[in-house]
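Asks: Pasting in a structure now, in structure tokens, and then I'll have a few things to ask.
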Amino acid sequence: MRLEPLALEEWPAPHMDDKTVQGVLKALDIQSRFGYNWLDAWGLLATTSWPLDIGEGVEPDRRRRVKQIISAAHQRNIKMIYGMGTYSWGYEKIIGNDPSLAARNRDGSFNVKALCDANSRSFEWVKKILDFVLSEFDFDGIHLESFDQGGCFCPQCAGKAGIVEYHCRINKKTAKYIRKQWPDKLINVIPIGWAMDSNERFTGPDKTQIIELSRHIDGFYDQGWHGTYIPDLERSAFIKQLHCTYGTSGGRWVYPAQRWDRESFFIPHMQQQAAAIKKQYEQGVRGIMHYQGPVNNPGTEVNIACGGLMASDPSQDIKQVLSQVIEQLYQPRHPEAHQKLVRIFLETERAYFDQWGDAVEKFRRYWKTGPAGEFYMDNLFGDSPGPAGYLSNPVYLDGKGRQLYKKALIAQLRQFETIEDKFNDEGRIRSLKRSMLFTLTLLNTIIHVKGEEEE
């Protein structure tokens with residue numbers, strides 16, 4: 001959500017400064033305006049490593065800024081969820097100080113980024129973190145994620161009865177502790193990595209374990225990074241068996257590039273998400289984690305706004321929703337300009353995603369997974385702005401696709417130039433034009449380097 005890039009920083013950047021707060025507050029303004037009621041945020045108090053002194057080790061300025069964000073959210077009628085790694089994410093210093101806590105990989109080697117539940121001191125650290133986070137800060141809920149940095153496969157952990165049983169077990173234990181100490185807090189569980197042994201789908205026995213877990217939590221979010229773990233045809237029946245809300249991330253979403261200029265990309269995807277929200281709502285889905293981003297990027301801002309309105313009422317038509325968003329954000333002075341700008345957003349989205357072709361087959365061939373829910377613009381890791389993978393990788397665009405995308409972008413820019421002076425837009429039109437020009441420049445550069453220019 002940061003409005004400025006961290007151009008030379010490795011991911012995940014630990015920065016919690018005034019510019020971070022400014023970006024979050026700007027995002028909260030858009031979220032509250034377009035129907036969001038929760039903000040689920042990671043990295044607020046610790047990034048990769050909690051200090052050994054959980055409370056005093058977090059700097060006073062960081063604590064002050066986090067409280068500022070929580071207060072600002074509450075002023076906008078948005079509740080705050082704290083993203084927390086359950087046994088995985090943030091434990092490097094703790095394990096370094098006590099190597100006996102380290103999880104075991106399948107080959108018996110140590111995973112120094114995850115805890116082993118067989119060691120009783122592991123859960124004591126989890127409780128210390130929860131005690132600090134939920135006692136000092138006015139968070140309204142917790143997002144538990146237990147396998148993002150790996151997990152333990154020793155005979156007492158996942159080696160006992162498999163990944164899903166183990167992660168249901170440790171999340172249930174954590175949820176029970178939260179319920180006892182803070183009974184009013186929302187508890188969501190996110191199962192990233194849980195289906196790695198079953199072709200990215202939950203089996204019958206997996207579902208039985210999850211149904212039992214659902215008695216102890218408020219939400220189970222099957223996000224869909226490479227397709228949801230519960231496939232479409234099974235979703236309605238599965239949801240009916242749960243004792244909590246079932247949620248997703250609403251189809252397809254862009255992971256914003258941390259190191260890129262905020263106006264250097266234009267990837268609207270509101271139609272992709274709207275179609276998924278409608279379909280999943282009909283299946284019984286009642287929660288959505290809609291990915292955010294820097295709201296000074298025009299595509300990101302409109303995606304967020306449309307996602308909030310669609311999630312508030314999935315019966316709506318996305319074209320009407322987009323028209324409402326453009327009216328509010330860009331304040332067109334003429335109906336024709338309004339209609340043209342709506343078409344530019346719609347057609348630019350189609351111009352990119354229509355070139356993906358058979359995404360299911362391509363993703364299985366290249367990455368051995370289902371089609372992307374979450375997809376990256378560049379490399380997640382690095383020390384400088386990375387290459388534009390979303391334009392260069394053949395899993396997204398081949399040579400023909402790049403040419404078709406280029407022609408469509410040029411056509412939309414020509415339309416844009418006929419209306420760019422017809423809005424009271426607070427600088428959004430300038431940012432939109434810059435984003436489209438950046439994208440076309442990157443695309444032409446890739447086409448040139450690959451020798452794909454048309455003769």
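The values are calculated or read from the model by the stated rules, or taken from the named source; none is laboratory data. In this text the structure is predicted, and so the values were computed from the model without any measurement. Note: ideal-geometry Cβ built from the backbone for every residue, glycine included; neighbour counts use all protein chains shown. Accessible surface areas use protein heavy atoms only, side chains included; no ligands, DNA or RNA. Shrake-Rupley method; radii C 1.70, N 1.55, O 1.52, S 1.80 Å.
Asks: I'd like to check something: does the stretch 249-266 contain any residue that is under 13 Å from the mean Cα position of the chain (by Cα) and at pLDDT 95 or above?
Replies: Checked the stretch 249-266: at least one residue is under 13 Å from the mean Cα position of the chain (by Cα) and at pLDDT 95 or above.
Asks: Which ranges mark the helices (runs of 4 or more DSSP H) fully within the stretch 350-455 that have 3 or more residues being more than 29 Å from ALA195 (Cα to Cα) and out of contact with any Cys (no Cβ under 6 Å at 6 or more places or on another chain)? If you could, list the steps in order and put the result at the bottom.
Replies: Working: elements: 359-367, 389-392, 399-417, 428-449.
It comes to 399-417, 428-449.
Asks: Look at VAL295 and say whether it is within 22 Å of SER323 (Cβ to Cβ), touching a residue at least 24 places away in the same chain (Cβ under 8 Å) and of a type outside the set (Ser, Thr, Tyr).
Replies: On the way: within 22 Å of SER323 (Cβ to Cβ): yes; touching a residue at least 24 places away in the same chain (Cβ under 8 Å): yes; of a type outside the set (Ser, Thr, Tyr): yes.
Spelling it out, VAL295 is indeed within 22 Å of SER323 (Cβ to Cβ), touching a residue at least 24 places away in the same chain (Cβ under 8 Å) and of a type outside the set (Ser, Thr, Tyr).
Asks: Determine whether ILE447 is closer than 30 Å to HIS338 by Cα and either in contact (Cβ under 8 Å) with a residue 12 or more places away in the chain or among the basic types (Lys, Arg) (or both).
Replies: Answer is no for this residue.
Asks: Answer yes or no: is there a residue in the stretch 355-362 that is of a type in the set (A, V, I, L, M) and in contact with a Phe, Trp or Tyr (Cβ under 6 Å, 6 or more places away or on another chain). I'd like the intermediate steps shown before the answer.
Replies: First, the residues of the stretch 355-362 that are of a type in the set (A, V, I, L, M): 359-360.
Add one more test, that the residue is in contact with a Phe, Trp or Tyr (Cβ under 6 Å, 6 or more places away or on another chain), and what stays is none.
Within the stretch 355-362, none of the residues are of a type in the set (A, V, I, L, M) and in contact with a Phe, Trp or Tyr (Cβ under 6 Å, 6 or more places away or on another chain).
Asks: Something else about it: When you scan the stretch 408-426, how many residues do you find that are within 32 Å of the chain's Cα centre (by Cα) and closer than 15 Å to PRO298 by Cβ?
Replies: Qualifying residue count, the stretch 408-426: 8.
Asks: Among (1) closer than 28 Å to ASP378 by Cβ; (2) crowded, with 19+ Cβ neighbours inside 10 Å, which single condition is ALA275 missing?
Replies: That leaves (2) as the condition not met.
Asks: Then there's this: Is there a residue being outside any loop (DSSP other than H, G, I, E, B) and open to solvent by less than 70 Å² (accessible area, probe 1.4 Å) anywhere in the stretch 3-21?
Replies: yes
Asks: Same structure, new question: Can you find even one residue in the stretch 244-255 that is farther than 28 Å from PRO268 by Cα, touching an Asp or Glu at 6+ places or on another chain (Cβ under 6 Å) and either loosely packed, with under 15 Cβ neighbours inside 10 Å or not acidic (Asp, Glu) (or both)?
Replies: Taking every residue of the stretch 244-255 in turn, at least one turns out to be farther than 28 Å from PRO268 by Cα, touching an Asp or Glu at 6+ places or on another chain (Cβ under 6 Å) and either loosely packed, with under 15 Cβ neighbours inside 10 Å or not acidic (Asp, Glu) (or both).
Asks: If you go through the stretch 150-175, how many residues are touching a strand residue (DSSP E or B) at 6+ places or on another chain (Cβ under 7 Å) and aromatic (Phe, Trp, Tyr)?
Replies: Adding up the residues that qualify gives 1.
Asks: So ALA372 fits all but one of (1) at pLDDT 90 or above; (2) surrounded by 17 or more Cβ atoms within 10 Å (Cβ to Cβ); what number is the exception?
Replies: Looking at each condition in turn, ALA372 falls short on (1).
Asks: On to the next question. Residues being within 20 Å of ILE344 (Cβ to Cβ), among the polar types (S, T, N, Q) and surrounded by fewer than 16 Cβ atoms within 10 Å (Cβ to Cβ): count how many of those fall in the stretch 375-414.
Replies: Looking only at that region, the number is 0.
Asks: Right, here's the next one. What are the pairs, 6+ residues apart or on separate chains, where a residue within the stretch 418-442 that is in contact (Cβ under 8 Å) with a residue 40 or more places away in the chain and among the small types (Gly, Ala, Ser) has its Cβ under 7 Å from a residue that is surrounded by 15 or more Cβ atoms within 10 Å (Cβ to Cβ) and part of a helix (DSSP H, G or I)?
Replies: Pairs that qualify, where the first residue is in contact (Cβ under 8 Å) with a residue 40 or more places away in the chain and among the small types (Gly, Ala, Ser) and the partner is surrounded by 15 or more Cβ atoms within 10 Å (Cβ to Cβ) and part of a helix (DSSP H, G or I), are SER431/PRO298; SER435/PRO298; SER435/GLY299.
Asks: So for the stretch 216-233 (the condition being surrounded by fewer than 24 Cβ atoms within 10 Å (Cβ to Cβ), modelled with pLDDT under 95 and in contact with a Leu (Cβ under 6 Å, 6 or more places away or on another chain)), does at least one residue qualify?
Replies: The answer is no, given that none of the residues of the stretch 216-233 is surrounded by fewer than 24 Cβ atoms within 10 Å (Cβ to Cβ), modelled with pLDDT under 95 and in contact with a Leu (Cβ under 6 Å, 6 or more places away or on another chain).
Asks: Name, by its number, the condition in (1) touching a Phe, Trp or Tyr at 6+ places or on another chain (Cβ under 8 Å); (2) over 17 Å from ILE81 (Cα atoms); (3) crowded, with 19+ Cβ neighbours inside 10 Å that does not hold for GLU145.
Replies: For GLU145, the exception is condition (2).
Asks: Let me ask something else. Please name all residue pairs, on different chains or six or more residues apart, with Cβ atoms under 9 Å, provided the first residue is in the stretch 348-360 and is within 12 Å of GLY401 (Cα to Cα) and open to solvent by 10 Å² or more (accessible area, probe 1.4 Å) and the second residue is among the aromatic types (Phe, Trp, Tyr) and not in a helix (DSSP H, G or I).
Replies: Matching pairs, first to second residue: GLN355/TYR396.
Asks: Right, next: Which numbered condition trips up ARG286, out of (1) in contact with a Phe, Trp or Tyr (Cβ under 9 Å, 6 or more places away or on another chain); (2) under 27 Å from LEU442 (Cα atoms); (3) surrounded by fewer than 20 Cβ atoms within 10 Å (Cβ to Cβ)?
Replies: Unmet for ARG286, out of (1) in contact with a Phe, Trp or Tyr (Cβ under 9 Å, 6 or more places away or on another chain); (2) under 27 Å from LEU442 (Cα atoms); (3) surrounded by fewer than 20 Cβ atoms within 10 Å (Cβ to Cβ): (2).
Asks: Turning to a different aspect of this structure: Being in contact (Cβ under 8 Å) with a residue 60 or more places away in the chain and within 18 Å of HIS243 (Cβ to Cβ) is the filter here; which residues of the stretch 168-189 pass it?
Replies: ASN171, THR174, LEU186, ASN188
Asks: So, one more: Might you check whether a residue that is within 18 Å of ILE239 (Cα to Cα), of a type in the set (Phe, Trp, Tyr) and crowded, with 18+ Cβ neighbours inside 10 Å occurs anywhere in the stretch 195-202?
Replies: yes
Asks: Return the residues of the stretch 34-87 that are β-branched (Val, Ile, Thr) and either part of a helix (DSSP H, G or I) or at positive phi (or both); say none if nothing qualifies.
Replies: Passing the criteria: VAL66, ILE69, ILE70.
Asks: Closer than 21 Å to GLY219 by Cα and in contact (Cβ under 8 Å) with a residue 40 or more places away in the chain: is that true of LYS93 in this structure?
Replies: no
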